[in-house]
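Student: So that we are looking at the same thing, I have put the structure below in structure tokens.
The values are calculated or read from the model by the stated rules, or taken from the named source; none is laboratory data. Bear in mind the structure is a predicted one, so any value in this text is a computation, not a measurement. No Cβ is skipped: glycine too gets one built from the backbone with ideal geometry, and neighbour counts run over all protein chains shown. Keep in mind that these areas ignore ligands, DNA and RNA; they rest on the heavy atoms of the full protein, side chains included. Shrake-Rupley method; radii C 1.70, N 1.55, O 1.52, S 1.80 Å.
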Amino acid sequence: MIVLTKINKAPIAVNSDHIQYIEETPDTVITMENSDKVVVSESIAEVIRKVVNYRRLIQNLVESEYERQNRNSQ
């Protein structure tokens, strides 16, 4: 999940795995896989940066856990 800011300044957590596409109209509108739309104050670039950082975090956690399990099994 990534935390974004709705246009009314309220925070919202979005499951980045369910984003279908993002457009600026000029507001940033995120369309989810189920066709729900969320208008946020972040730019497309900021949303993408947050998604990339989140996925890197998950990948690092998976790699760390894999390494830990390999160390313990030896």
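Student: Summing -39500 (n - 2.57) over the DSSP H runs of n ≥ 4 in the chain and dividing by its residue number, what mean residue ellipticity at 222 nm do you reach, to the nearest 500 deg cm²/dmol?
Tutor: Rounded to the nearest 500, the figure is -14000 deg cm²/dmol.
Student: Kindly give Rg over Rh for region 1-44, based on alpha-carbon atoms, with the Kirkwood expression for the hydrodynamic radius.
Tutor: 0.92
Student: Out of 47, 62, 7, whose Cα points farthest toward the positive end of the dipole of the chain (charges: +1 Lys, Arg; -1 Asp, Glu; placed on Cβ)?
Tutor: 62
Student: Take the alpha-carbon positions of the chain, form their convex hull, and give its projected area averaged over all directions (one quarter of the hull surface) in nm².
Tutor: Values: hull surface 23.1 nm².
Mean orientational projected area (the chain, Cα hull): 5.8 nm².
Student: Taking θ as phi - 60°, what are the ³J(HN,Hα) couplings along region 5-22 by the Karplus curve (6.51, -1.76, 1.60), each to the nearest whole Hz, with x for Gly and Pro?
Tutor: For region 5-22, the Karplus-derived couplings read 10, 5, 4, 8, 6, 7, x, 9, 9, 10, 6, 5, 6, 10, 6, 8, 7, 10 Hz, x marking Gly and Pro.
Student: Right, something else. Nearest 20 debye, what's the magnitude of the dipole of region 1-57 about its Cα centre given +1 on Lys and Arg Cβ and -1 on Asp and Glu Cβ?
Tutor: Approximately 280 debye in magnitude.
Student: With every protein chain left in place, what is the accessible area per residue of the chain in square angstrom, probe 1.4 Å?
Tutor: Numbers: 5380 Å² over 74 residues.
Ligands and nucleic acids excluded, the figure is 73 Å² per residue.
Student: Of the accessible area of the chain, with the probe set at 1.4 angstrom, what percent is carbon plus sulfur?
Tutor: Taking all protein chains in place, the chain shows 52 percent carbon and sulfur surface.
Student: Multiplying the sequence separation of residue 60 and residue 18 by 0.36 nm and subtracting their Cα-Cα distance, what value in nm do you get?
Tutor: 13.0 nm
Student: If contacts are Cα pairs under 8 angstrom and at least 6 residues apart, what is the relative contact order of the chain in percent?
Tutor: On the way: 82 pairs, mean separation 17.8, N = 74.
Contact order relative to length: 24 percent.
Student: Relative to the longest principal axis of the chain, what angle (0 to 90°, nearest 10) does the C-alpha long axis of helix 44-72 take?
Tutor: So the inclination is approximately 10 degrees.
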